[in-house]
Amino acid sequence: MRYEGIIYRPPSEGESVIIQATVGCPHNRCDFCNMYKRKKFRIRKVEDILEDIDMAGQTYDPRFVRSLFLADGNTIIMRTAHLLRILRRIREVFPFLERVTSYGASQYVALKSGEELRELRQAGLTRIHCGMETGHDPLLLKVHKGTTMRDHIAGGQAVRAAGIELSMYYLAGLGGEEMWEGHALDSAAVLNAVDPDFLRIRTFTPMPGTVLGTAFEAGEFTLPGPHGVLRELRLLVENLEGSGLVFSDHWLNFADVRGRLPADKEAMLAAIDSALALPRQVFRPVGMISDSL
Ligand code: SF4
């Protein structure tokens, strides 16, 4: 298989075969993200992608391949007809796959009709990873996410209605000290309206080469400490009403908040309260990191 630049994938795709269908991110303007800053977005030729799938079939024993991830950012933007060809080839080469996934931000999912999403599901796309980050419109606008609370809800509901699993990501601390309450409450509202299969919690950390990284270095963005982030997470979890799984599968998080809603909600709140009771020095330092990998 051929890859261009650093390839990112969600931690849950650590065992997946990765096929690069797009290079970079079509948006590439979020103030907090540096993943694809060195890449100019393009969609790879379908024939090249099909060749890579065939190569993967010769590299990995198809009998043992259970999951495959279509990189890079927002592969869902590809024309549906092209995605269908790719998905069908994937299923031919890897007949024992249980999961095929890609990134799909709400604004790009919204470009697909319900019928197109159902066709993609039938062809084998089983899960979309969506970086919600926040459901709070003023914060979405401020960080140039390029989407709205309404898009998040419409896109998420469309994915679920098509029978595609949805993993939504929440970026704790993104609202800083000013917007933490709106960030938590509006995100809970989106999550309750969509009821994604998975909610995955991430903790915002400024990175070099990003607008928020520069603002942080200049003292123009106040990064909440561990207790501030945990207080925000508590408000989020308190207000969740869905039925999905919650994961905290990233090393930057300050507490291991995981379980199924609603049964484990009290246990998740108890885990946050236990972390809130710990002294500051127990947690990792807060500040800039070079990458969130
Ligand atoms: S957060 Fe997602 S949509 Fe925003 S620039 Fe990064 S990859 Fe693109």
In segment 11-281 the accessible area split gives carbon plus sulfur, as whole percent at 1.4 Å, a share of 52
Every cysteine in the chain with no other Cys Cβ under 4.7 Å from its Cβ, please list them in numeric order.
25, 130
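What's the extension gain from residue 51 to residue 154 if we count 0.36 nm per residue and subtract their Cα-Cα distance?
On the way: separation 103, 0.36 × 103 = 37.08 nm, distance 3.48 nm.
Stretched out fully, the residue 51 to residue 154 stretch lengthens by 33.6 nm.
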Please report Rg over Rh for segment 11-281, where both radii come from the alpha carbon positions and Rh follows the Kirkwood definition.
0.98
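Residue 144 to residue 96: FRET efficiency via 1/(1 + (r/R0)^6), r the Cβ-Cβ distance, R0 30 Å, to the nearest 0.05?
Numbers: r = 41 Å, r/R0 = 1.37.
Approximately 0.15, to the nearest 0.05.
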For segment 33-179, with only Lys/Arg (+1) and Asp/Glu (-1) charged at the beta-carbon, what is the dipole magnitude about the Cα centre, in debye rounded to 20?
240
Hits in segment 180-224: amide N under 20 Å from the 7 Å Cα→Cβ extension of residue 263, namely 195-200
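Would you work out if segment 57-212 is rounded, prolate or oblate? Take a ≥ b ≥ c from the square roots of the eigenvalues of the alpha-carbon gyration tensor; rounded if a/c is under 1.5, else prolate when a/b is larger than b/c, oblate otherwise. Before the final figure, lay out each step's value.
Numbers: a/c = 2.30, a/b = 1.81, b/c = 1.27.
Prolate is the answer for segment 57-212, as a/c is 1.5 or above and a/b outweighs b/c.
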Of the residues 36, 285, 257, the Cα lying farthest along the dipole of the chain towards its positive end, which is defined by charges on the beta carbon of Lys, Arg, Asp and Glu, belongs to 36
Which ³J(HN,Hα) values in Hz, rounded to whole numbers, follow from the phi angles of segment 216-230 under the Karplus curve 6.51 cos²θ - 1.76 cosθ + 1.60, where θ = phi - 60° and Gly and Pro get x?
5, 4, 7, x, 9, 10, 8, 7, x, x, x, 5, x, 5, 5
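Please find the FRET efficiency linking residue 278 to residue 249, where r is the Cβ-Cβ separation and R0 is fixed at 22 Å, and quote it to the nearest 0.05. Please report the intermediate quantities before stating the final value.
On the way: r = 20 Å, r/R0 = 0.93.
Computed FRET efficiency for residue 278 and residue 249 comes out at 0.60.
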GNM on the chain, Cα springs under 10 Å; top mean-square fluctuation among 94, 283, 198 goes to 283
Pop the C-beta distance of residue 41 and residue 231 into the FRET formula with R0 = 35 Å and round what comes out to the nearest 0.05.
0.40
Points 7 angstrom from Cα along the Cβ direction at residue 88 and residue 185: gap in nanometres?
5.0
Gyration tensor verdict on segment 1-74 (Cα atoms; rounded if a/c is under 1.5, prolate if a/b is larger than b/c, oblate otherwise):
oblate
Kindly express, to the nearest 10 degrees and within the range 0 to 90, the angle between helix 149-161's C-alpha long axis and the longest C-alpha principal axis of the chain.
40
Could you give the dipole magnitude of segment 11-281 about its Cα centre, charging the beta-carbon of Lys and Arg +1 and that of Asp and Glu -1, in debye to the nearest 20?
780
Counting DSSP beta bridges with both partners in segment 11-281, what percentage is antiparallel, nearest 5?
15
To test your reading of the geometry: what angle, between 0 and 90 degrees and rounded to tens, separates the Cα axis of helix 46-59 from the longest principal axis of the chain?
90
Taking alpha-carbon centroids only, segment 180-242 lies from segment 1-60 a number of Å equal to 26
For helix 180-194, report the angle its Cα long axis makes with the longest principal axis of the Cα atoms of the chain; keep it between 0 and 90° and round to the nearest 10°.
40
Distant-in-sequence amide H partners of residue 72 (H built 1.01 Å from N, under 5 Å):
21, 22, 23, 24
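The values are calculated or read from the model by the stated rules, or taken from the named source; none is laboratory data. Worth saying up front: this structure is predicted, and the values here are computed from it rather than measured. Every residue, glycine as well, gets a Cβ built from its backbone with ideal geometry; the counts of neighbours run over all protein chains shown. The protein model used for the area step is the full one, side chains on, heavy atoms only, and it has no ligands, DNA or RNA in it. Shrake-Rupley method; radii C 1.70, N 1.55, O 1.52, S 1.80 Å.
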